[in-house]
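Contents: one structure, followed by commentary.
FYI, it's all coordinate maths here, none of it is from the lab. Treat the numbers as computed from the prediction; the structure is a model and nothing was measured. Don't worry about glycine lacking a Cβ; one is built from the backbone with ideal geometry, like all the others, and counts go over all protein chains shown.
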Amino acid sequence: MKLSKIMLVVVVVIVGSSLLLSAAPKRGKKYASLDFEKGNMFLTAQVGLYSDAIPFGANFEYAITENIGVGATLMMWFGSGFSVFMPSIDAAYHLTMLEVDKLDLFAGVGLGFAVVGGNGVSGSSGIAISPFVAGRYWFSEKLGVSLRVNIGLIGDWTGVSSMLGVVFRI
C-alpha cells in the first residue's frame, strides 16, 4: 500500500471520528459569524497528498445562496520532465442544516481540463470530472483549514485524491 493511501485512510478516520464526536446539535448560535452565508467569499491555498509529484494550487468559492457555492480551482504538478495544469469550475452544496460549531461540510463537483506538458507523465491532456466531499474547520472568523477528497471519474484523471488547505474568508 502506498504511503499516500495510508495517509488518506488516517486522515479520513481522524476527520470522521471528530465529526461523529462533534455532530451534536448546537445550543444557540455561539459561532454565527462562521456560518456559510450568501455573499461570503473564500480563498484556499492547498496542497495534495500524493507520492509522486505533489500538486499545489488554489481554490476560490463564492456563496450564491445559504447552501450553494460556485467557484474555480487551479492545481499544478511539476515533476522531472513534466508539468500538469488543471483549472476547473466547481459547484458545491453546503450542509448548513447540521449546525456544527466552526465546521462547514459540503459536497460538489468540479469540471476541468488537464493540460499536460513534457514526456515524464503517464496521462494526457483532457477533460476531468471530479465529484468531491470536503470540510472546513474555522479557527477564527477569517482563518481555517480545509480537507477535500476528489473522485476523478473520466479519462486519465480517474481515482481518489485529497488536498489539505488553509482557507481565508475574504
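Once both labels are positioned 7 Å from their Cα atoms along Cα-to-Cβ, the gap between Val133 and Val70 label points is 2.6 nm. Remark: region 62-135 is approximated by an ellipsoid whose semi-axes, taken from the C-alpha gyration tensor as √(5λ), come to 32, 12, 9 Å, largest first.
Computed from backbone phi, the HN-Hα couplings of region 55-69 come to x, 9, x, 9, 10, 10, 9, 10, 7, 8, 9, 6, 10, 10, x Hz, rounded to whole numbers (Karplus: 6.51 cos²θ - 1.76 cosθ + 1.60, θ = phi - 60°; Gly and Pro given as x). The residues neighbouring Glu37, those whose beta-carbon lies less than 11 Å from its own, together hold a net charge of -1 under the Lys/Arg +1, Asp/Glu -1 convention.
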